[in-house]
1. What pairs in Lys120/Lys189; Lys120/Lys261; Lys120/Lys158 have C-alpha atoms more than 18 Å from each other?
2. Which whole-number percentage describes the relative contact order of region 284-436, with Cα contacts under 8 Å and a sequence gap of 6 or more?
3. Let me spell out the model: positive unit charges on the Cβ of Lys and Arg, negative unit charges on the Cβ of Asp and Glu, origin at the Cα centre of region 207-444. What dipole size does that give, in debye rounded to 20?
4. Of Ile417, Ala249, Gly215, which is farthest on the positive side of the dipole of region 207-444, counting Cα position, with +1 on Lys and Arg Cβ, -1 on Asp and Glu Cβ, and the Cα centre as origin?
5. Springs between alpha-carbon atoms under 10 Å, Gaussian network over the chain: tell me which of Asn393, Asn280, Asn88 tops the mean-square fluctuations.
6. Counting heavy atoms of the protein chains only and a 1.4 Å probe, report the per residue accessible area for the chain as a whole number of Å².
7. Evaluate the relative contact order of the chain (contact order divided by residue number), counting alpha-carbon pairs under 8 angstrom at least 6 apart; express in whole percent.
8. From the phi angles alone, apply the Karplus equation (6.51, -1.76, 1.60; θ = phi - 60°) to region 57-62 and give each ³J(HN,Hα) in whole Hz, x where the residue is Gly or Pro.
Amino acid sequence: MFNKILIANRGEIALRVLRACKELGIRTVAVHSTADADAMHVRLADESVCIGPPKASESYLNIPQLVAACEITGAEAVHPGYGFLSENARFAEIVEAHGVKFIGPSAEHIRIMGDKIEAKRTAQRLGIPVVPGSDGAVETVEAAAEFAETIGYPVLIKASAGGGGRGMKVAKSPDDLAEAYATARGEAKAAFGDDAVYMEKLLLTPRHIEVQVLGDGKGGAVHLGERDCSLQRRHQKVWEEANSPALNAESREKIGAICAKAVADLGYAGAGTIEFLYENGEFYFIEMNTRLQVEHPITEAITGIDLVVEQIRVAAGAGLSVKQSDIEFKGHAIECRINAENAATFTPSPGQITYYHPPGGLGVRVDSGVYQGYRIPPYYDSLIGKLIVHGRNRVECLMRLRRCLDEFVVDGIETTIPLFRKLIDNQDIANGMYDIHWLEKFLETRPFD
Ligand code: MV4
């Protein structure tokens, strides 16, 4: 096992990783920008290194500074958390070239999944069902039009270098096609420096369901069931659940087994998430994330498995601590993302937390890096914490969540907590009846007016 790990991240996820390290008896190195000198991850780590000014491009994304911090402290491995450099294949290669283990999959696997055309081709080869679409890149507008006729309108044109909703254009009819195609390529070139695009049939009312996997890097893998992340606004997840209210045990086992086998055959190492659209009882692969995800705690809640511990074990060559037959799904879990934002407008609300009282009790987990008196800096994303509630079934989970939202007090800044107080009283939410468009439609009803 490693003696010392450097955590190349900040906020609640840096704390999350630090806690796993402590429980494994591993010393921790925090890194921070000058804006984060008083952050909790810095306080709780065994050592810390200031790696630059507030701007992420000069600190948390600064590869030479991170490599230097590893060398200075003698860290044997780097955990990238999520965001920042977590899916940067070059970062994984560079740290390993300096004799430091990257806690995550190989640079090759990160690179494949970062290229959405290559990812889809790989998924299909491994037996994962994919959205009906073009066979790879669509090189000309004539090919785009011809292809759209064969699958039928509406179609979606997606940037190969995009993902997470960036670089997508809809064509509803042949009249839209030429413009959508040209705009998609132009925007992809400008945003990613790569104008390769591919096409898919547009699914109109799917859910977003993702399967959590763990690979041992040696041909072994397990799945840990799914998360339903359909409640999103502008491609930002707001509320996630495990299990999905839309699946039964049989469909869970079926898609889970497909994903575990694919990941095993790929020789994948560590944690990964295979994202699907789910409509009319069918799964359609869209992307694979090669990192730990924000919403991983709901999977931990229903399985009792520490995903960060498993990531570290695999990176250290210790293998997974679980086999598929050990994994059971117990009860139901929901995560609410608490952002420092106005709940009605989503305008960021950085500033000082003057009073802080998180909820507690049985089945309650709050992952957060904030504390009373802490000043949220304006330079980073607005996630300040996650409320994760577990119950023996979905009804108990929802009742417990309502109780936690009543208890939660964060003063001095605005947060998204009031939005969750609206959602918990909504009938569609109570019934688990929502798709990827539900939340934006709900917000159009102006629930705060
Ligand atoms: C789609 C789609 C409908 N049909 N692909 C958006 C994020 C990116 N990961 C894929 N996305 C979508 N791909 C086809 N063929 C609809 C979306 C989509 C979406 C997906 C998941 C969660 C929220 C979403 C919101 C709008 C669009």
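The values are calculated or read from the model by the stated rules, or taken from the named source; none is laboratory data. Predicted model, so just to flag it, every value in this text is computed and none were measured. So basically every Cβ, Gly included, is an ideal-geometry build from the backbone, and we count neighbours across all protein chains shown. To get the accessible areas, we keep the full protein, side chains included, count just its heavy atoms, and leave off ligands, DNA and RNA. Shrake-Rupley method; radii C 1.70, N 1.55, O 1.52, S 1.80 Å.
1. Lys120/Lys189
2. 26
3. The dipole of region 207-444 has a size of about 360 debye.
4. Farthest towards the positive end: Ile417.
5. With Cα springs under 10 Å in the chain, the top fluctuation among Asn393, Asn280, Asn88 is at Asn280.
6. 41
7. Computed over the chain, the figure is 14 percent.
8. Result, rounded to whole Hz: 4, 9, 10, 5, 10, 8.
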